[in-house]
Each structure stands twice: as structure tokens, then as C-alpha cells.
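Below is one structure, written out as C-alpha cells, with a few remarks after it.
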Amino acid sequence: MPELPEVETVRRGLEPVLEGARIIWAEARRPDLRFPFPEKFAERLTGKTITALGRRAKYLTMDLEGGPALICHLGMSGSFRIETADAAEMPGVFHHERSKSSAHDHVIFDVASRDGTCSRVVFNDPRRFGFMLFCEGPPDTHPMLAGLGVEPTGNALDGVLLASLLKGRKSPLKAALLDQRLIAGLGNIYVSEALWRAGLSPLREAGTIAKAGKKAGEQSRGLAVAVRSVIADAIAAGGSSLRDYMQTDGSLGYFQHSFAVYDREGEPCSKPGCGGHIERITQSGRSTFYCRTCQR
């Protein structure tokens, strides 16, 4: 499933085409994806202007003039494709092929941008685990978004806040960081990477970095910096392109070439002076990659 950096990359690719654009025509080519489409889905979208295109955790949000807001999730295999008169085919060179079959084109938006340029935005989803839902109020009021925690971008997530979120928690540190009620949008890949950068074991009790004292304070500050930096680096690289993820222009992100631990089982740890090797363990049914030598 695409993680936060991938979803943010999609948002940035769609923004020049969709933000401020008018939806001339909309079509849902099937009654449902993961969930049924809202009643009169295409009818309620047609003619509306998209006033803002946002992201909350792993969700894309579209504010529509006069409402409602549209909440989108890519699921396992969902992607948006932008088509113009000059580029009917999906551009880009693919290392992991993404579906181009029109059989999987489930939602179509024909839009006119502020300068009059017309484009077609297509949502393609072979596995149909994505979804699109309406929210009658601001997107953050929808039940799927209302309980989400702080975003791991910007400076809001600092050591003090992170310590307050983890205080007293006896669950493994990795499990706590994956709790979307605490930090919104962190996934398996980037938690593993952030913990390596911070030198913290995914197995340690989460509350240990929230105790009183200088050492715990340094650990919580270091982890907050590691989380923010790994997310920022991944966004700058355009995401990870694991499996079948791609950007809106059809090209792939390449942050996976910078992975320090994820999917590197058995390889030497790249931290200077460490000398350890990357191990793979299973936590709550998910793979965790870390270095036992330098992550304590």
C-alpha cells in the first residue's frame, strides 16, 4: 500500500491540473470499489470547482465549491493518470509495470483548468481496494480522518510532543509509531528507516524514550528528527515505488535506492563504524528490518 510520501507525491502531481479546475464531466464506471460509491456520485461532482487539493495521512482530499468534500484512498493498487490532448498514453519508464488497461479505469474526471486547458484524470485500480467517499463538512470531520494523530511533516512533531504521545506505553516502539491515532500516515517502511536513523530498536518498550532524564530526552528528540527527515527525503525522491506504485506522470520514485535497512536482510549495516548486519523479524505479522548492533 502506498505510504505517506507516495500519496503526497501523487497530490503534488495532481495539484497543477486539479486545483482551481472545474469538473466538466465525471463518470464512475462501476458501482463500487472497496466501498460503494456515494449516491449520485458523478452527478454531484459534475460542474463543481475544486478549490483545494489536500492530503491527510494516506488520504487525498478535494474541497469542492459549495461542497461536499471528496476523500480518496489509493488502496493497494490505485493510481491517477493524467491525459491531455498531447499525451494520450501514460508517459514514463516503468520498472514495475502499472496497469494501463482501460478495464481497470473506474473513475473519470474531465476537467478544465483556470487557463482553459482541458485534461482527463483517470483513477485506475485493478485490485479495487481504493475508495472515494463524500464528506459533507471539512474532510477532517469524516469518521475515517477524525481520529488521526499528528502529521509527521513540518516541525509540529518534536521530541516533547513525541514523548507525550509515547509516555507510559508498554507496546514495542515500532508498534506505537504505526498507531495512526498517535502519528498519522507512518507506515512499515519509513518507521523501520526512522528507527535505524535514530539508533533505536523496534523491539524496545515505547515508553522508555518518554521517561524523565537527559538520555530519554535525547532519544525522543532524535527519533522525532529521524521521522521528519526520512519522510521529507522520501517525498523529495518521489516515493519508493515498491511493487506497482507510480507517480501521476507515470514515472517512478527512487527513494528505495536509499533504504538503509528495509528489504536489506543479511546486508552489512551502512552506519559508519557499526559492523553489524541487517536482520528481518516479524512484528504483528509485518516484516521489520533493523540492525541489532547499533539499534538499542
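The values are calculated or read from the model by the stated rules, or taken from the named source; none is laboratory data. Not measured: the values here are computed from a predicted model. Please note: Cβ atoms are built from the backbone with ideal geometry, for glycine as well, and neighbour counts cover all protein chains shown.
The helices (runs of 4 or more DSSP H) found wholly in the stretch 122-204 and carrying at least 1 residues that are basic (K, R) and modelled with pLDDT of 95 or more occupy 173-177, 188-198. Need the failing condition index for R44 against (1) touching a residue at least 60 places away in the same chain (Cβ under 8 Å); (2) touching a helix residue (DSSP H, G or I) at 6+ places or on another chain (Cβ under 9 Å); (3) farther than 19 Å from A184 by Cα, just the number. Condition not satisfied by R44: (2). Considering the stretch 220-229, and only residues there that are small (G, A, S) and closer than 17 Å to L165 by Cα, the residue that is surrounded by the most Cβ atoms within 10 Å (Cβ to Cβ) turns out to be S220. For L53, the criteria (1) part of a strand (DSSP E or B); (2) at pLDDT 95 or above; (3) in contact with a Phe, Trp or Tyr (Cβ under 7 Å, 6 or more places away or on another chain) hold in every case but one, which is (3). Given the structure, is E39 of a type in the set (D, E) and modelled with pLDDT under 95? So E39 fails the test.
Taking the listed residues G168, G222, G187, G217, the one that is touching a residue at least 40 places away in the same chain (Cβ under 8 Å), on the phi > 0 side of the Ramachandran plot and not assigned by TED's automatic domain parsing to the domain that holds G130 is G168, with no other qualifying. So is L165 among the hydrophobic types (A, V, I, L, M, F, W, C) and within 17 Å of the chain's Cα centre (by Cα) or not? Criteria not met by L165.
Considering L33, L74, L45, the condition of being of a type in the set (A, V, I, L, M), within 18 Å of P139 (Cα to Cα) and at pLDDT 95 or above is satisfied by L45 alone.
The sole residue among S119, S99 that is at negative phi, at pLDDT 90 or above and among the polar types (S, T, N, Q) is S119.
Here the condition is being surrounded by fewer than 17 Cβ atoms within 10 Å (Cβ to Cβ), outside any loop (DSSP other than H, G, I, E, B) and either touching a Phe, Trp or Tyr at 6+ places or on another chain (Cβ under 8 Å) or modelled with pLDDT of 95 or more (or both); of G217, G207, it holds for G217 alone.
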